[in-house]
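Contents: one structure, followed by commentary.
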Amino acid sequence: MSTVIKGARILGDEVADILIEGGVITQIGTDLNGDETVDAEGLIALPGLVDLHTHLREPGREDAETVLTGTQAAARGGFTCVFAMANTEPVADTAGVVEQVWRLGREHGYADVQPIGAVTVGLAGEHLAELGAMADSAAQVRVFSDDGKCVSDAVLMRRALEYVKAFDGVIAQHAQEPRLTEGAQMNEGPLSGELGLTGWPAVAEEAIIARDVLLAEHVGSRLHVCHLSTRGSVEIVRWAKSRGIDVTAEVTPHHLLLDDELVRSYDPIYKVNPPLRSKDDVLAVREGLADGTIDIVATDHAPHPMEDKECEWQAAAFGMIGLETALSIVQQTMVDTGALTWARVAEVMSANPARIGRATTHGRPLAVGEPAHVVLYDPTAKRTIEPADTASLSRNTPYAGRELPGRVVATFLAGKPTVLEGKLQ
Ligand SMILES: NC(=O)N[C@@H](CC(=O)O)C(=O)O
């Protein structure tokens, strides 16, 4: 069985046909033929997207999301590989749990699931988890994170950074100094005072990033900074990279678009960790992504059932879904503004996250001999976001009613269509 994608603009540039046979790209050229034809006129072809930061909630919170529904949402968003965060119930801190999550991803076949292992047992921040056993398991874990919680103990963080060097792993830090953010609800600034919500100072994020880049330098290890959100964080990462420190960083689509003025509504749909920041921070993270200080966009897709979001602000859960809107937000904030080309989008949403997470078969160029992980995207489409129109089990999108540019038309995972004509297969 062969499939030919006809007339796609490869990385938004040259028009060509792509022939897929046996899950691999076997020809790129003109007038190619195959058993199946997918018309891609006017569509952009990008390598399948890779999300380094997804919450799939299975095991334990299957009311919010499962590996099946989360990877279906991923496919609809153009992703062919997602890294599943460890804050499940039980926590993914053993080889058994990470293998279960990895296997479920393979069985369902909507996206490859690379489990992230917890850094500390139960995310409790006291004892290192069995990092080596998770690395050696069938899931071959390379990314470790206590995301949702910060590895705040400097000695534990140092040991974790040292330990993962043995198997080329990386510690993905959720940078949040716990004492500085006790009870914090929103970005600290004049607005938190006005709204009477406990402030979450930028320094709580920046102090941990500053400490961790120095620790990474000291022990010669690899550090990844999750969802950075402030101007100061961008400046620290820029400084660290200029010193040759092996640090990478991510920004979420919501921190590229939304700011803390939305909290005036007291609508917990905008409650997220780290919090939405100021307009100046939004500009800074866009600049950081454009100039390569920030390496990747990662969704931090954080599904929550409505009862955990439709309540008063203080009681609501932190988090928003984002897999199905990520590419549109990146188009709106970075491509339509001239800050990134589509080729650079392929880097920040596919090649770079795959490289950081050592997902060796993903993030590859669209080239002959490479696995056929492909997304076809219509940048001219417009859609109004309707929360019920999601494959996710949760509907906590902050974009309800917003018109966003672009639409994923098709996604291929190793040549197999997971989405065609915008519909799950
Ligand atoms: N990003 C979020 O707002 N929520 C995340 C974890 C977290 O608190 O970071 C979640 O798991 O819901």
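The values are calculated or read from the model by the stated rules, or taken from the named source; none is laboratory data. Owing to the predicted nature of the structure, the values given are computational and were not obtained by experimental measurement. Using ideal geometry, Cβ is built from the backbone for each residue, glycine included, and neighbour counts are taken over all protein chains shown. All accessible areas refer to the heavy atoms of the entire protein, side chains included, with ligands and DNA or RNA removed. Shrake-Rupley method; radii C 1.70, N 1.55, O 1.52, S 1.80 Å.
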Report task. Starting from region 74-90, take each residue that is at positive phi and list its partners that are more than 16 Å from the ligand (Cβ to nearest atom) and modelled with pLDDT under 95, counting only C-beta distances under 6 angstrom and pairs at least six apart or across chains. Result -> none
Query - Listing of helices (runs of 4 or more DSSP H) fully contained in region 137-241 that carry 1 or more residues being within 27 Å of residue 253 (Cβ to Cβ) and within 16 Å of the ligand (Cβ to nearest atom) - result: 202-219
Query raised in the report: Restricting the search to region 82-105, which residues are away from the ligand (no atom under 16 Å from the Cβ) and either under 24 Å from residue 296 (Cβ atoms) or at pLDDT below 95 (or both)?
Result: 98, 102, 105
Report task. Taking the residues in region 291-320 that are surrounded by fewer than 19 Cβ atoms within 10 Å (Cβ to Cβ) and under 17 Å from the mean Cα position of the chain (by Cα) as candidates, determine which candidate is farthest from the ligand (Cβ to nearest atom). Result -> 292
**Report entry** Counted residues, region 270-280 - those being buried (at least 22 other Cβ atoms within 10 Å of the Cβ) and either near the ligand (Cβ under 10 Å from one of its atoms) or not hydrophobic (A, V, I, L, M, F, W, C) (or both)
**Finding:** 6
Query raised in the report: Pick from 115, 90: which is touching a helix residue (DSSP H, G or I) at 6+ places or on another chain (Cβ under 7 Å) and open to solvent by 40 Å² or more (accessible area, probe 1.4 Å)?
Result: 90
Query raised in the report: So which strands (runs of 3 or more DSSP E) stay within region 16-102 end to end and still have 1 or more residues that are under 18 Å from the mean Cα position of the chain (by Cα)?
Result: 44-47, 49-54, 79-84
Requested in this report: Residue by residue through region 190-211, note down the ones that are crowded, with 21+ Cβ neighbours inside 10 Å and without any contact (Cβ under 8 Å) to a residue 24 or more places away in the chain.
Outcome: 199
Query raised in the report: Residues 262, 214, 283: which one is without any contact (Cβ under 8 Å) to a residue 60 or more places away in the chain, open to solvent by 30 Å² or more (accessible area, probe 1.4 Å), among the hydrophobic types (A, V, I, L, M, F, W, C) and over 26 Å from residue 169 (Cα atoms)?
Result: 283
